[in-house]
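Encoded as structure tokens, the structure appears first; notes follow it.
The values are calculated or read from the model by the stated rules, or taken from the named source; none is laboratory data. Just so we're clear, the structure is a prediction, and the values are computed from it rather than from any experiment. Quick reminder, even Gly has a Cβ in these numbers, built from the backbone with ideal geometry, and neighbours come from all protein chains shown. These area figures cover heavy atoms from the full protein model, side chains too; ligands, DNA and RNA do not enter into them. Shrake-Rupley method; radii C 1.70, N 1.55, O 1.52, S 1.80 Å.
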Amino acid sequence: MTQAVERLAMQASKPDVGPEAIDATVNYIVDDGSKIFTETGAPGNNDRRSGGKPDPRHVTLHNGRHRDFTLERDGFHFIRHDTKVRDFFDAAEVRRIYYPEMEALVKAESGATRVVVFDHTLRTADDAAREAHKIREVVPRVHNDYTEWSGPQRVRDLLPNEADDLLRRRFSIVQVWRPIRYPVETFPLAICDARTLSPQNLVISERRYPDRVGQTYSITYDPDQVWYWFPHMRRDEALVFKTYESLKDGRARWTAHTAFHDPTAAAGARPRESIEIRTLAFF
């Protein structure tokens with residue numbers, strides 16, 4: 001390979017870093033006192049949501065590729081991280097290969113001594129693909145996946161014989177998000193700097209499953225919130241972020257996030273396909 005061809009190949013492998021910032025609509029909720037809940041649909045179907053008043057806001061999203069973040073300060077960390085998974089639609093392969101990869105990654109990122117991978121979700125913005133593969137839709141509303149109650153409850157649900165002992169020590173719920181095939185061209189993930197998310201912005205929302213009821217936080221708008229996104233994320237890039245932290249010493253505890261319509265997306269852009277994985281991290 002000539003030096004010129006080699007240089008072109010290297011350039012082609014680099015992600016499009018995108019603009020410094022964009023303006024986009026982010027969907028919050030107004031806490032009007034009504035009970036907020038989501039009834040979880042079967043794989044391939046849409047969830048049904050009720051309660052609260054939708055509150056779409058025009059916000060500035062900053063390009064996170066040009067900044068450094070830490071899990072404890074900002075609530076998230078964007079990294080280059082490859083995977084040996086060939087087919088993310090093969091659930092057995094994901095559990096066999098991806099789960100151990102994510103256990104090692106979360107240990108390295110968080111400093112946890114033990115990590116338990118307990119769940120993964122595939123999502124797509126393409127309705128036909130969602131129904132064909134029996135996966136879930138993207139979530140274009142601002143939320144955090146666990147609450148003060150549901151974080152510890154997840155430990156009790158998953159590790160009932162160890163829960164009392166584990167909950168005496170620090171633990172976190174850490175998630176990892178990445179594209180599974182193509183670079184993200186539609187409905188990328190936006191994430192809020194944890195330092196700018198106030199407890200007053202957190203509204204409890206029930207999440208109703210066939211066999212249990214959980215809780216998430218819906219989020220209300222605050223002009224002081226600072227938002228980031230990572231343009232054209234690729235399969236060899238990952239966003240690691242916290243959705244629960246047991247310590248209350250000033251470090252990041254929650255990380256609000258949402259899919260959003262990218263106003264800069266090209267006509268005919270491919271629908272987003274992604275995986276998010278959830279872990280319990282014990283210290």
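What single numbered condition from (1) in contact with a Ser or Thr (Cβ under 7 Å, 6 or more places away or on another chain); (2) surrounded by fewer than 17 Cβ atoms within 10 Å (Cβ to Cβ) fails to hold for ARG212?
Among (1) in contact with a Ser or Thr (Cβ under 7 Å, 6 or more places away or on another chain); (2) surrounded by fewer than 17 Cβ atoms within 10 Å (Cβ to Cβ), ARG212 violates only (1).
Residue under question is SER172, and the condition is that it be touching a Phe, Trp or Tyr at 6+ places or on another chain (Cβ under 7 Å) and modelled with pLDDT under 95; does it hold?
So SER172 fails the test.
Could you say whether any residue in the range 76-94 is assigned to a helix (DSSP H, G or I), of a type in the set (Lys, Arg) and under 17 Å from VAL240 (Cα atoms)?
Checked against the condition, which is being assigned to a helix (DSSP H, G or I), of a type in the set (Lys, Arg) and under 17 Å from VAL240 (Cα atoms), the range 76-94 yields no hits at all.
Here is a list of conditions, (1) of a type in the set (Phe, Trp, Tyr); (2) surrounded by fewer than 23 Cβ atoms within 10 Å (Cβ to Cβ); (3) under 22 Å from GLU245 (Cα atoms), and TYR217 meets all of them except one; can you say which number that is?
All conditions are met except number (2).
Which of the residues spanning the range 101-117 are open to solvent by 40 Å² or more (accessible area, probe 1.4 Å) and touching a residue at least 12 places away in the same chain (Cβ under 8 Å)?
Result: GLU103, LYS107, GLU109, GLY111, THR113, ARG114.
Just give me the residues in the range 240-264 being open to solvent by 10 Å² or more (accessible area, probe 1.4 Å) and over 13 Å from the mean Cα position of the chain (by Cα), in sequence order.
If the condition is that a residue be open to solvent by 10 Å² or more (accessible area, probe 1.4 Å) and over 13 Å from the mean Cα position of the chain (by Cα), then SER246, LEU247, LYS248, ASP249, GLY250, ARG251, ARG253, HIS261, ASP262, PRO263, THR264 are the ones that fit.
From ILE191, ILE204, grab the single residue that is open to solvent by less than 30 Å² (accessible area, probe 1.4 Å) and β-branched (Val, Ile, Thr).
Of the residues listed, the single one that is open to solvent by less than 30 Å² (accessible area, probe 1.4 Å) and β-branched (Val, Ile, Thr) is ILE191.
Which condition does ALA267 not pass, out of (1) at pLDDT below 95; (2) farther than 24 Å from ALA91 by Cα; (3) open to solvent by 30 Å² or more (accessible area, probe 1.4 Å); (4) not in a loop (DSSP other than H, G, I, E, B), if it passes all the others?
Result: ALA267 fails condition (4) only.
Would you check if there is a residue in the range 226-239 being surrounded by fewer than 22 Cβ atoms within 10 Å (Cβ to Cβ) and under 24 Å from ARG170 (Cα atoms)?
no
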